[in-house]
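Here is the structure we will look at, set down as structure tokens.
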Amino acid sequence: MNYDKEKLKNAILYLAKNGGTDVGKKKLAKFLYFIDFTLYERREKSLTKIDYEKQNYGPMPKPDIFYTELAKLKKEGIIDIKKPTGNDKLEKIVALHDPDLDEFDDMERETLKQIAEKYRLESAGALERIAQSEPPYKMTQHGEIIPYHLAFYRNSFGEMDLNNG
């Protein structure tokens, strides 16, 4: 599957700036999962078009693509990946440029903002547990690609709640 490199780059920049003070690789991976699957649920089209694999630590953008893109952005001086120091045990992704929000349509911008605001204070471990509790993760075998159509089982917007009176 071809993924959208510009949208991925700008989503990484946006999330590094707006996703809280502790955006490392794991938290970034979960943010991207929530954004891509939420957009797919809303309009049958993800933001980045990246494939996600079921891993022990939750849904993960294809690791070869994810880590290659992060390394490339670091090499190009677009992001920095700060190594842990002192009491800080986690790497931190730092945006060295502002994201180009013109890369996104209105729904994409709104979804980026909503997901970043909803989860910015959560730890990577908390996001991992939330993602692992979702049907797309549960309905897939370890190491498999998580099909985007499983987003429709998430019920993020409560359409399937029986007590909507």
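Read-outs: derived from the displayed coordinates by stated rules, not from any lab. Every value quoted in this text rests on a predicted model; they were computed, and no experiment measured them. Neighbour counts run over all protein chains shown; Cβ positions are idealised from the backbone, glycine included.
Structural remarks
- Rounded to the nearest 20, the Cβ-based charge dipole of the stretch 1-48 about its Cα centre (Lys and Arg +1, Asp and Glu -1) stands at 120 debye.
- For the stretch 52-107 versus the stretch 114-128, the spacing of their alpha-carbon centroids is 15 Å.
- In a simple Cβ point-charge model (Lys, Arg +1; Asp, Glu -1; nothing else charged), the stretch 5-153 has a dipole of about 480 debye relative to its Cα centre.
- Angle between the chain longest axis and helix 63-75 axis [Cα atoms, degrees, rounded to 10]: 30 degrees
- Rounded to whole numbers, the Karplus 3J(HN,Hα) couplings from phi for the stretch 8-19 are 4, 4, 6, 5, 4, 4, 4, 5, 5, 7, 10, x Hz, using 6.51 cos²θ - 1.76 cosθ + 1.60 with θ = phi - 60°, and x at Gly and Pro.
- Cut-off under 5 Å, modelled amide H: who pairs with residue 79 long-range: 74, 96
- Using just its DSSP H runs of length 4 or more, each adding -39500 (n - 2.57), the chain gives a mean residue ellipticity at 222 nm of -14000 deg cm²/dmol after division by all residues.
- Ranked for footprinting exposure by Cβ neighbours inside 10 Å, fewest first, 102, 36, 22 give 102, 22, 36.
- Dipole of the stretch 2-56 [Lys/Arg +1, Asp/Glu -1 at C-beta], most positive-end residue of 50, 33, 10: 10
- Greater than 26 Å apart at Cα, pairs in 5/74; 83/138; 17/83; 62/118: 83/138
- Residues 15, 127 in ascending order of nearby Cβ atoms (within 10 Å, fewest first): 127, 15.
- Option label - mean projected area of the Cα convex hull in nm² computed here, alternatives (i) 12.1; (ii) 10.2; (iii) 11.3: (ii)
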